[in-house]
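**Q** Sending over a structure as structure tokens; questions will come in a sec.
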Amino acid sequence: MKIIFIKEEKELLLNYIGEFINLKPILSNYFPSDSNDYEYFKTKKSIILRKRYPTFHRIYFMTLDIKEIELILVNLKGRNAINIPSKGEISDLKTLMTSCGYDLIGVYERFFNPKTESKKGFMASYAGPDHFSVIKSMMYANFNAITDWLPDDDILKTMICNKQVIINMKNNEILGFLVFTFIGKKCYLNCWYDTCGEGLSLLFNVYSLMKNNNISYSYFWVNSMNTNVKKIHTLLGSKPDGLKDYTFFRENN
């Protein structure tokens, strides 16, 4: 099977996606929150979308034919990641991933805290444009771009300009950062890393910003193997909501 991806206008792609949703696919991992910058390949029984990242693609699919989608996924070239978010078992999709040679490289759990409370007023510093390179370097050195959904350069620069990144600094050196996003009355903790030795200072500073914006509900993803971080958030009142994100990966040259 020859697989050639096409890039169409957003409206046409949304029509194709809607058609397959109405057909009630038997297997699917489709969940993108947007439809920008996607390429697609489709047959009468399957549609597959991919989005390009600096070093890999994320893949989404819907299918009415397991054998066909297996053939497509096996023959995809390059470095491809497939995410499967679920609150239940994913046995059928896991079987498909295994048969196509995709390895499970990470499982993340979503946590939420409905009653975040600040300890003090806001005392941290906002990152500025000059801090971009250092923050990016720290971010990509300590997190996995595939499993941790790290922002690309343009998005990170925009978040810095929008005052969505706070930092810990000592002697003009950045020792930690926390990236966050306010969405309505919720706060999403995007990425948190700190070596300053001041414990939870950045987190409590975000809690202060939340209080200033009448936000008390926060949510975030944690690596299921990171028991220390899970314990910290649990002690602060957070709990898992049952949703897990399974990341599968395959490199095929």
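Here's the yes/no breakdown for (1) touching a residue at least 12 places away in the same chain (Cβ under 8 Å); (2) surrounded by 16 or more Cβ atoms within 10 Å (Cβ to Cβ); (3) of a type outside the set (Phe, Trp, Tyr); (4) closer than 27 Å to residue 33 by Cβ:
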| site | (1), (2), (3), (4) |
| --- | --- |
| 185 | yes, no, yes, yes |
| 207 | yes, yes, no, yes |
| 214 | yes, no, yes, yes |
| 232 | yes, no, yes, no |
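**Q** Out of curiosity, is residue 148 within 23 Å of residue 81 (Cβ to Cβ) and among the charged types (D, E, K, R)?
**A** Values: within 23 Å of residue 81 (Cβ to Cβ): yes; among the charged types (D, E, K, R): yes.
Yes.
**Q** Ok, one more. Please determine whether any residue of the range 20-34 is closer than 23 Å to residue 155 by Cα and among the acidic types (Asp, Glu). Steps first, please.
**A** Initial filter on the range 20-34 (closer than 23 Å to residue 155 by Cα): 30-34.
So of that shortlist, the ones also among the acidic types (Asp, Glu) come out as 34.
Yes, there is a match, as at least one residue in the range 20-34 is closer than 23 Å to residue 155 by Cα and among the acidic types (Asp, Glu).
**Q** Same structure, new question: Sort through 238, 224 and tell me the only one that's in contact (Cβ under 8 Å) with a residue 12 or more places away in the chain and more than 30 Å from residue 73 (Cα to Cα).
**A** Exactly one of 238, 224 is in contact (Cβ under 8 Å) with a residue 12 or more places away in the chain and more than 30 Å from residue 73 (Cα to Cα), namely 238.
**Q** Can you name the number of the only condition in (1) part of a strand (DSSP E or B); (2) at positive phi that residue 214 fails?
**A** Only one criterion is unmet by residue 214, namely (1).
**Q** Of the numbered conditions (1) in a strand (DSSP E or B); (2) more than 30 Å from residue 98 (Cα to Cα), residue 242 fails exactly one; give the number of that condition.
**A** Residue 242 satisfies every listed condition except (2).
**Q** Those residues that are part of a helix (DSSP H, G or I) and surrounded by 14 or more Cβ atoms within 10 Å (Cβ to Cβ), I need them from the range 1-44; list them, please. Explain how you work it out, then say what you get.
**A** Quick first cut of the range 1-44, residues part of a helix (DSSP H, G or I) only: 10-22.
Those that are part of a helix (DSSP H, G or I) and surrounded by 14 or more Cβ atoms within 10 Å (Cβ to Cβ): 13, 16, 17, 20.
**Q** Quick one: which strands (runs of 3 or more DSSP E) lie wholly within the range 74-175 and hold at least 1 residues that are modelled with pLDDT of 95 or more and over 24 Å from residue 203 (Cβ atoms)? Let's see the steps before the verdict.
**A** On the way: elements: 78-86, 103-113, 165-170.
Because the criterion is at least 1 residues that are modelled with pLDDT of 95 or more and over 24 Å from residue 203 (Cβ atoms), the strands (runs of 3 or more DSSP E) in the range 74-175 that meet it are 78-86, 103-113.
The values are calculated or read from the model by the stated rules, or taken from the named source; none is laboratory data. Computed from a prediction, not measured in an experiment: that's the story for all the values here. For neighbour counting, all protein chains shown are included, and Cβ atoms are generated from backbone atoms with ideal geometry for every residue, glycine included.
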